[in-house]
Amino acid sequence: MVTPTAFHVIYNWMLDLERCPQADCFLVELYSAAFYMKIDELVEYAFACFNESTVCGSLAFELFRKAQRFAIHTFQQLMLSRIELFFLPLVASKDFVELDINWVQDLLSVQSLGVNSEIEIFMSAVRWLSHDWRARKVHMERILGCVRFRLLPPLFLRFLQGEQQTRVMNSICQSPKVRERVSKAFVRYTSSELCDVSKDIVGLDRRPPVQRKWIFDSRCSYHRQPGGNQGQFFTYQQFLNYLESLHQSLPKHGS
């Protein structure tokens, strides 16, 4: 929990409390050491550094990975909430498919993920599950519970009700829980088109779904403006093709 480098930084800071600690080590190491040694001033200092607006995107994910070594779960959750526009490049990476089930669930639940459509959240869940379907299919309903089905376009909802060509997609779409969520999303969409008919539907959640952070990438063949377009539809293969193209132009930290 306390690396030699972090201890050295903290010791030098203690010799001159008027100076800020020199970041000769990663902030994650400093935070871990200060937390372990109960040095509240340094814990607050490190946390304030983490809270800078520039700590986002790929930098946030890098800090998330470093925090895994020290099992700082609160900090890891904070960094996942800062992924934002780096989400799709992350999904394209090997790091994403190797994430633990708990962290995938936390990530896909984040409101500020940068996507053009909720379909991309659904497809990201499919990508993680497909990487090791035999072992991960038990987590299917848990992972798909992160998808906001009421944000999925009606055309895509109709597609999910049909027969699928792959084993993974077919298993997902035949899941009773998924079928129930698709049906409820259809009812909610239809009722919103019929004025206040939803008042008479028992058990229908009439609260509007929380929107994601809608983005637009002109390099993507299926992205539309504005993001979250309810007329949108694209296939899993189109999604994979776009992820493949992201390998060639990964954004810099915070972009």
*Go over the candidates Phe75, Phe70, Phe86, Phe64 one by one and state the one that is in contact with a helix residue (DSSP H, G or I) (Cβ under 6 Å, 6 or more places away or on another chain), under 25 Å from Val210 (Cβ atoms), of a type in the set (A, V, I, L, M, F, W, C) and at pLDDT below 90.*
Phe75
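A quick yes/no check of all residues on (1) modelled with pLDDT of 95 or more; (2) not β-branched (Val, Ile, Thr):
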| site | (1), (2) |
| --- | --- |
| Leu108 | yes, yes |
| Val115 | yes, no |
| Ile119 | yes, no |
| Ser124 | yes, yes |
| Glu141 | yes, yes |
| Val147 | yes, no |
| Leu151 | yes, yes |
| Gly162 | no, yes |
| Ile172 | yes, no |
*Count of the range 1-21 residues which are in a helix (DSSP H, G or I) and among the hydrophobic types (A, V, I, L, M, F, W, C)*: 7
*Mind checking which residues of the range 47-61 are at pLDDT below 90 and either in contact with an Asp or Glu (Cβ under 8 Å, 6 or more places away or on another chain) or part of a helix (DSSP H, G or I) (or both)?*
Phe47, Ala48, Cys49, Phe50
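Could you please give the count of residues in the range 22-46 that are at pLDDT 85 or above and either part of a helix (DSSP H, G or I) or not aliphatic (A, V, I, L, M) (or both)?
17
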*How do the helices (runs of 4 or more DSSP H) wholly within the range 105-182 filter down when requiring 1 or more residues that are of a type in the set (Val, Ile, Thr): which remain?*
118-131, 140-144, 167-174
*asked:* Pairs needed: first member in the range 126-137, touching a residue at least 60 places away in the same chain (Cβ under 8 Å) and closer than 17 Å to Leu88 by Cβ; second member anywhere, of a type in the set (Ser, Thr, Tyr) and surrounded by 14 or more Cβ atoms within 10 Å (Cβ to Cβ); C-beta distance under 7 Å; at least 6 residues apart or different chains.
replied: Val126/Tyr236
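The values are calculated or read from the model by the stated rules, or taken from the named source; none is laboratory data. Everything quoted here is computed from the prediction, not taken from an experiment. Methodologically, a virtual Cβ is constructed for each residue, glycine included, from the backbone with ideal geometry; neighbour enumeration extends over all protein chains shown.
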